[in-house]
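Since the structure comes first, as structure tokens, the remarks are kept for the end.
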Amino acid sequence: MNTLANALFILFAWILAGAPVAAQGFRPAFLLTGAHNRNSQDLSGQWRYSKDLYRTGLTDINGWVAKSRMQRYRDIDIAAQEARGGADFFEFDMDRGPLINVPGAWNAAEPALRYYDGLMWFQRKFKADPLQGKRAFLRFEAVNYRAYVYLNGKEIGRHEGGFTPFVLEVTDALRAGDNRLTVGVDSQHDAQSIPTAITDWDLYGGITRPVRLVITPATFIDDATLALQQSGRITGEVRLQGPQAAGQQVSVRIGALATAAAVTDGQGRAVFDIQAPAGLARWTPEQPSLYDVQFSTAADAVRDRIGFRTIAVEGNRILLNGKPIFLRGISLHEEEFGPNPSRNMTESASRALLHQIKHGLHGNYVRLSHYPHSEVTVRLADEMGLLVWSEIPVYWTVDWDNPAVLRKALAMQAETVYRDRNRASVILWSVGNETPVSVARTRFHGAMADNVRALDPTRLVSAALLVERRTIDGKDVIEIQDPLAGKLDVLAVNTYAGWYGSDTLDALPGLHWKVPGDRPLILSEFGADALAGYRNDGNKKFTEEYQAEYYRKTLAMADQIPNLRGMSPWILKDFRSPRREHPVFQNGWNRKGLLSESGVPKEAFGVLADYYGKR
Ligand code: GCU
């Protein structure tokens, strides 16, 4: 493409996506905030599944609609039809297919599916009561990566993105009595997906988080938020949807401390702005105070447990409730302990991981990398007192010049912010991880930073940047040369000196850091591999001793960075990655964990725990 055409193409991209994007631009049609507390039918359990590697259930060989004998979503009893005989025949039968647990990734369910990467159909039947004027929704907490949803043979909707919730109305398709829910899940990623197919984590295709049938009144509370502002006031809003959304009285109760009332406008929106009550306990990692908050109208009510705190940057310090804080953290993938994780993050699985951070490492912070983690984990962070870095998987490279890809990223940010903005633990929205600097990439991230600030002006914006190595006046210098830094409240860098490359561990404390001193800096990643139990072999790489000494020397280096305000070393536990195939040390696992995949501590775990214990 010549330079003029290229410039016009990028200009078009920014007109389309870079225009001042009001938060509304990417607001999903339905949010159902607080759904987990509504009376809903959890559709977790055993579902039938049918492989469809050539996507015959979606499209025919010539790109037309699939042949009916392959349409997995048909509302039909195939065995009964076959018993009647006749010309029709089928090349699937969901009723007699194999069973699989939902939620969970299919890769862990069957050895034959370990590396299956493509379209898989899931189906389950469920009973529903007559709606009698109420409305019905399906809320999926996450489907990785594309979802095609059908109810009783009717297409209901689609979604792209493996880590954020989506809500589809099924009022018209739901039957009183038996219902047949079919979901096509396509795990394949490509050059236009977010992330692309190139990552350092496992495939994990499937309905990976819970699915619920939520029944609401005809006019219902779709969204309800409340937050403590720097001003000392508590502000928020409630959004109603339905025929009676306008002119409705809405009330909010904050525990036993305060109540407030407001009336919705013509768009069903009511706004609250009250002085924080005198006895309001601020949420902190040490005292993670949560209040039972109830939002109600004459017809509906939703509850949430909300912590009230403020987060800000002042010079190069991070202030929590006005006081400087150092983020004692670790990075975490969404993967439970055990030899065959299926990314089924139950409360107990998540609690086991966060317990190690809070009580094993004496941490107060967790980087939920590299994508929005389960709501279970974010709510537990609220409850246990762990501050959170949240990110969407704009990771390494995406198609920076493609406006459709940018819109996907902005929509993913919105789905994350709308889901988590009542979570006191979330303090940082990150817009990228280790993305190589280019004009298009920096513009892409700039639009993301603007978008997330428009969606949520109360939290801080960061990104995990790459560092440069240079020799200046004979000194070995690590520096940030990234134009994106100017868009960030908190700088963050991933640094692997002493693991990738030829640095000796003894050289690490002597490395000089040349970074902007006007803002806080976080070491968002550093780490080294070690196979648990591999010891006493001359401190070679992959031994526990090497990893432990790497941590000692890297922490000594970190202590010399004057505006260092936190760290989230890579990573709490070993995790699955098809990139890591050394037959002795890795076998498909990235071994940078401080714990093995089953939770056995390596020597370095104690090094970091001691360091944090003294901070
Ligand atoms: C990168 C990347 C991680 C990856 C890690 C590693 O920094 O952000 O996702 O797993 O390095 O190389 O282990």
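Calculate the spin-label point distance for Ala256 paired with His512, positioning each point 7 Å from the Cα along the beta-carbon direction, and give it in nanometres.
For His512 paired with Ala256, the spin-label model returns 6.1 nm.
Determine the share of the stretch 76-164's accessible area contributed by carbon and sulfur atoms, expressed in whole percent, with a 1.4 angstrom probe.
Details: 1910 of 3890 Å².
For the stretch 76-164, the apolar C and S fraction of the accessible surface comes to 49 percent.
Of Ala409, Gly517, Ala530, which is farthest along the charge dipole of the stretch 313-613 in the positive direction, counting Lys and Arg as +1 and Asp and Glu as -1 at C-beta?
Ala409
Got a number for the accessible area of Ser568? Probe 1.4 Å, square angstrom, nearest 10.
0 Å²
Could you please report the charge total around Tyr611, scoring K, R as +1 and D, E as -1 over all other residues with beta-carbon less than 14 angstrom from its beta-carbon?
On the way: positive: Arg328, Arg552, Lys553, Lys614, Arg615; negative: Glu549, Asp559, Glu603, Asp610.
Charge balance in the 14 Å sphere: +1.
Lys67: which lysines have alpha carbons under 29 Å from its alpha carbon, excluding same-chain residues fewer than 8 sequence positions away?
Leaving aside lysines fewer than 8 places away in the same chain, those within reach of Lys67 are Lys51, Lys125, Lys127, Lys154.
Counting only protein heavy atoms, what percent of the accessible surface of the stretch 233-308 is carbon or sulfur at a 1.4 Å probe? Please report the intermediate quantities before stating the final value.
Working: 1650 of 3570 Å².
That fraction is 46 percent.
Determine by what factor the alpha-carbon radius of gyration of the stretch 233-308 differs from 2.2 N^0.38 Å, reporting the quotient.
Values: Rg = 13.4 Å, N = 76, 2.2 N^0.38 = 11.4 Å.
The reported ratio for this selection is 1.17.
Taking H placed 1.01 Å from N in the peptide plane, check which residues at least 5 places from Ile156 or on another chain put their amide H under 5 Å from its amide H.
Val149, Tyr150, Leu151
Residue separation times 0.36 nm, minus the C-alpha to C-alpha distance between Gln46 and Asp95: what's the value? Mind dumping the intermediate values first?
Working: separation 49, 0.36 × 49 = 17.64 nm, distance 1.21 nm.
Gain on extension, Gln46 to Asp95, equals 16.4 nm.
Each residue of the stretch 533-543 in turn: what ³J(HN,Hα) in whole Hz from Karplus with 6.51, -1.76, 1.60 and θ = phi - 60°, glycine and Pro shown as x?
x, 8, 9, 6, 9, x, 6, 5, 4, 5, 7
From zero up to wherever the largest Cα-Cα distance of the stretch 329-381 sits, split into 5 Å bins and tell me the percent of pairs in each.
Histogram of Cα-Cα distances, whole percents per bin: 4, 22, 34, 28, 11, 1.
Two decimals is fine: what's Rg over Rh for the stretch 246-290, C-alpha atoms, Kirkwood radius as Rh? Present the calculation step by step, with values, prior to reporting the outcome.
Values: Rg = 13.8 Å, Rh = 12.3 Å.
We get a ratio of 1.12 for the stretch 246-290.
Quote to one decimal, in nm, the extra length available between Tyr115 and Ile472 on full extension: 0.36 nm per residue of separation minus the C-alpha distance between them. Intermediate results must be reported in sequence, preceding the final value.
Working: separation 357, 0.36 × 357 = 128.52 nm, distance 4.71 nm.
Net length gain for the segment: 123.8 nm.
Let a ≥ b ≥ c be the square roots of the eigenvalues of the Cα gyration tensor of the stretch 126-246; is it rounded (a/c under 1.5), or, if not, prolate (a/b larger than b/c) or oblate? List each step's numbers first, then the result.
Values: a/c = 2.73, a/b = 1.10, b/c = 2.48.
Taking the square roots of the gyration eigenvalues as a ≥ b ≥ c, the stretch 126-246 is oblate.
Need one value: the accessible area of Phe337 in square angstrom, 1.4 angstrom probe, rounded to the nearest 10.
The value for Phe337 is about 50 Å².
Residue by residue through the stretch 385-399, which ³J(HN,Hα) values in whole Hz follow from phi under the Karplus form 6.51 cos²θ - 1.76 cosθ + 1.60 (θ = phi - 60°), with glycine and proline marked x?
x, 10, 6, 10, 9, 10, 8, 9, x, 7, 10, 6, 9, 10, 7
Within the chain, which is the longest segment that contains none of the GluC sites (Glu not before Pro) sitting in a DSSP loop with at most 15 other Cβ atoms within 10 Å? Working shown, then result.
On the way: sites that count: Glu91, Glu286, Glu581.
That would be 287-580.
Loop only per DSSP, at most 16 neighbouring Cβ atoms within 10 Å: give me the chymotrypsin sites (Phe, Trp or Tyr not before Pro) in the stretch 135-214, ordered by residue number.
Working: sites: Phe137, Phe140, Tyr145, Tyr148, Tyr150, Phe163, Phe166, Trp201, Tyr204; in loops: Tyr145, Phe163, Trp201, Tyr204.
Qualifying residues, ordered by number: none.
Could you work out the local net charge near His189, counting Lys and Arg as +1, Asp and Glu as -1, over the other residues with Cβ closer than 13 Å to its Cβ?
On the way: positive: Arg146, Lys408; negative: Asp117, Glu160, Asp186, Asp190, Asp202, Asp399.
That sum, taken over residues with Cβ under 13 Å, equals -4.
What aspartates and glutamates does Lys514 reach when the alpha-carbon gap must be under 17 Å and sequence neighbours fewer than 8 apart in one chain are set aside?
Partners within reach: Glu468, Asp473, Asp476, Glu479, Asp482, Asp559.
Over 16 Å apart: what share of the alpha carbon pairs of the stretch 146-202 falls there, rounded to a whole percent? Before the final figure, lay out the partial values.
Values: 831 of 1596 pairs.
Result: 52 percent of Cα pairs exceed 16 Å.
Find out how many positive minus negative residues lie around Asn494, taking Lys and Arg as positive, Asp and Glu as negative, among other residues whose Cβ is under 9 Å from that of Asn494.
Working: positive: none; negative: Glu434, Glu525.
Once all neighbours under 9 Å are counted, the net charge is -2.
What is the calculated FRET efficiency for Val600 to Arg84, with r their C-beta to C-beta distance and R₀ = 45 Å, to the nearest 0.05?
Values: r = 59 Å, r/R0 = 1.30.
My answer for the efficiency is 0.15.
Take Asp129 and Arg535, extend 7 Å from each Cα along the Cα→Cβ direction, and tell me the distance between the two endpoints in nm.
Label-label distance for Asp129 and Arg535, simple model: 6.0 nm.
Just check the stretch 313-613 against the gyration tensor rule for me: Cα atoms, a ≥ b ≥ c as the square roots of the eigenvalues, rounded for a/c under 1.5, and otherwise prolate or oblate depending on whether a/b exceeds b/c. Display every interim value, and only then the final one.
Numbers: a/c = 1.44, a/b = 1.16, b/c = 1.24.
It comes out rounded by the Cα gyration axes.
Mind listing which chymotrypsin sites (Phe, Trp or Tyr not before Pro) in the stretch 423-506 are in a DSSP loop and have 15 or fewer other Cβ atoms within 10 Å?
Numbers: sites: Trp429, Phe444, Tyr496, Trp499, Tyr500; in loops: Tyr496, Trp499, Tyr500.
Loop-located and lightly packed - Tyr500.
Per residue, how much accessible area does the chain show when a 1.4 Å probe rolls over the protein heavy atoms, in square angstrom?
Values: 23640 Å² over 615 residues.
Here the residues of the chain average 38 Å² of exposed surface.
Of all the accessible heavy-atom surface of the stretch 313-613, with the other protein chains kept in place and a 1.4 Å probe, what percent is carbon and sulfur? Walk me through the numbers before you get to the answer.
Working: 4900 of 9510 Å².
Exposed carbon and sulfur together represent 52 percent of the surface.
In whole angstrom, note down how far apart the Cα centers of the stretch 25-68 and the stretch 155-171 are.
Computed from Cα coordinates, the inter-centre distance equals 7 Å.
Each residue of the stretch 128-139 in turn: what ³J(HN,Hα) in whole Hz from Karplus with 6.51, -1.76, 1.60 and θ = phi - 60°, glycine and Pro shown as x?
Couplings: 9, 7, x, 6, 6, x, 7, 10, 10, 9, 9, 10 Hz.
Find the Rg to Rh ratio for the stretch 31-216, where Rh is the Kirkwood radius over alpha-carbon pairs and Rg uses the same atoms.
Numbers: Rg = 16.6 Å, Rh = 17.2 Å.
That ratio is 0.97, to two decimals.
Under the classification rounded if a/c is under 1.5, otherwise prolate if a/b is larger than b/c and oblate if not, where does the stretch 201-359 fall, given a ≥ b ≥ c as square roots of the Cα gyration tensor eigenvalues? Mind dumping the intermediate values first?
Working: a/c = 2.44, a/b = 1.25, b/c = 1.94.
It comes out oblate by the Cα gyration axes.
Might you work out the accessible area of Asp399 for me, using a 1.4 Å probe with all protein chains in place, and round it to the nearest 10 Å²?
Near enough 40 Å² of accessible area.
Taking every eigenvalue of the Cα gyration tensor of the chain, multiplying by 5 and rooting it, what semi-axes result, largest first, whole Å? Show your work: numbers first, answer last.
Details: eigenvalues 321, 201, 114 Å².
Value: 40, 32, 24 Å, ordered largest first.
Just to confirm my numbers, what's the Cα centroid distance between the stretch 187-238 and the stretch 332-381 in Å?
17 Å
What ranking of Asp200, Asp610, Asp537 comes out by heavy-atom accessible area, probe 1.4 Å, highest first? Don't skip to the answer; put the middle values down first.
On the way: Asp200 10, Asp610 95, Asp537 50 Å².
Heavy-atom accessible area, descending, gives Asp610, Asp537, Asp200.
Would you mind checking which residues have amide H under 5 Å from Asp222's amide H? H placed 1.01 Å from N; only 5 or more apart, or other chain.
Arg239, Leu240, Gln241
The values are calculated or read from the model by the stated rules, or taken from the named source; none is laboratory data. For clarity, every value in this text was computed on a predicted model and none was experimentally measured. Note that each Cβ is placed from the backbone with ideal geometry, even for glycine, and that neighbours are counted across all protein chains shown. To get the accessible areas, we keep the full protein, side chains included, count just its heavy atoms, and leave off ligands, DNA and RNA. Shrake-Rupley method; radii C 1.70, N 1.55, O 1.52, S 1.80 Å.
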